[in-house]
Amino acid sequence: MKKRSDEKEIIVAEKIKAEDQKDVKELSEFINNEKDKNKLDQKEEKKAELEIKSPVKDSAIYINSKLIGSDDIKLYPLPGARLNVLVSAKGYEDYKTVIDFKGDENKIINVELIKNPLLTVILPVKNGKIYFNSNYTGFGSASYSPKAGSKVLIEIEAQGFKKYSTEIVLNSGDEKTLNIPLEKIKDFDRVKWS
């Protein structure tokens, strides 16, 4: 292959007048130098790369408070950039981190989303009203997803039964089902004695 290339150069050189050969050689050297410079410029212009991978389908990915995409994304920030990353998905705690790029670094974030706690209350009667933190949520049975580590006040009201209340704290990822035993009001408890 190399001989064939050399033969073509000889043929081209023979066709060019002797005085033009010097100019052609200078032009060829100039073109090669420019190609080398472009290769160096391309290396210098290389940008950083950030890939964010979320294990939860339909998770929203925000960069500096702007929705960028969902699930898996790839970005090319400028060197020196600082990015505030937030990944959010229904039923999961938000994932937050700050990423600083010093140069043309490549970074991959494999997001680990933690399920929000889930509390389910089941009553032995269908007409019982369920309140979570003093807010009516439903009757018979209801579910609530509180912030991890926060107290949840559960209150139950049902006709013919004593009021019931308790507090519970759930941690990240906890799922708890409470079957609430309601105590019937006895006939003489309904009468107020003066």
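The values are calculated or read from the model by the stated rules, or taken from the named source; none is laboratory data. The model shown is predicted, which means the values in this text are computed figures rather than measured ones. Side chains are part of the model used for accessible areas, which takes the heavy atoms of the whole protein and leaves out ligands, DNA and RNA. Shrake-Rupley method; radii C 1.70, N 1.55, O 1.52, S 1.80 Å.
The phi-based Karplus calculation (6.51 cos²θ - 1.76 cosθ + 1.60; θ = phi - 60°) puts the 3J(HN,Hα) values of the range 115-123 at 4, 5, x, 9, 10, 10, 10, 10, 9 Hz, whole numbers, x for Gly and Pro. For the range 113-194, the share of accessible area belonging to carbon and sulfur comes to 49 percent (1.4 Å probe, ligands and nucleic acids excluded). Annotation: amide H-H contacts under 5 Å for Tyr164 (H modelled 1.01 Å from N, sequence separation of 5 or more, or interchain): Ile156. Each residue of the range 81-92 is assigned a 3J(HN,Hα), and the resulting list reads 6, 10, 10, 8, 9, 10, 10, 10, 8, 4, x, 10 Hz, derived from the Karplus form 6.51 cos²θ - 1.76 cosθ + 1.60 (θ = phi - 60°), x at Gly and Pro. Surface composition of the range 71-112: carbon and sulfur atoms hold 47% of the protein heavy-atom accessible area at a 1.4 Å probe. Quick one: check the C-alpha center-to-center distance for the range 119-145 versus the range 63-94, whole angstrom. Cα centroid of the range 119-145 versus Cα centroid of the range 63-94: 36 Å apart.
Which whole-number percentage describes the relative contact order of the range 42-194, with Cα contacts under 8 Å and a sequence gap of 6 or more?
Numbers: 340 pairs, mean separation 28.0, N = 153.
With pairs under 8 Å counted, the relative contact order is 18 percent.
When Thr137, Thr97 are compared by accessible surface with a 1.4 Å probe, the order from highest to lowest is Thr137, Thr97. For Leu118, the residues 5 or more places off, or on other chains, whose built amide H falls under 5 Å of its own are Asp174, Glu175, Lys176.
Accessible area per residue for the range 104-157 in Å², computed with a 1.4 Å probe and the full protein assembly in place, what is it? Please list the in-between numbers first.
Details: 3090 Å² over 54 residues.
Accessible area per residue: 57 Å².
Under a 5 Å amide H cut-off, with hydrogens placed 1.01 Å from N, Gly69 pairs with Ile61 among residues at least 5 apart or on other chains. Ligands, DNA and RNA aside, Tyr62 has an accessible area near 70 Å² when probed at 1.4 Å.
For the range 158-174, 3J(HN,Hα) computed residue by residue from phi via the Karplus equation (6.51, -1.76, 1.60; θ = phi - 60°) reads 8, 4, x, 10, 5, 5, 10, 8, 7, 10, 9, 10, 10, 9, 3, x, 5 Hz, glycine and proline entered as x.
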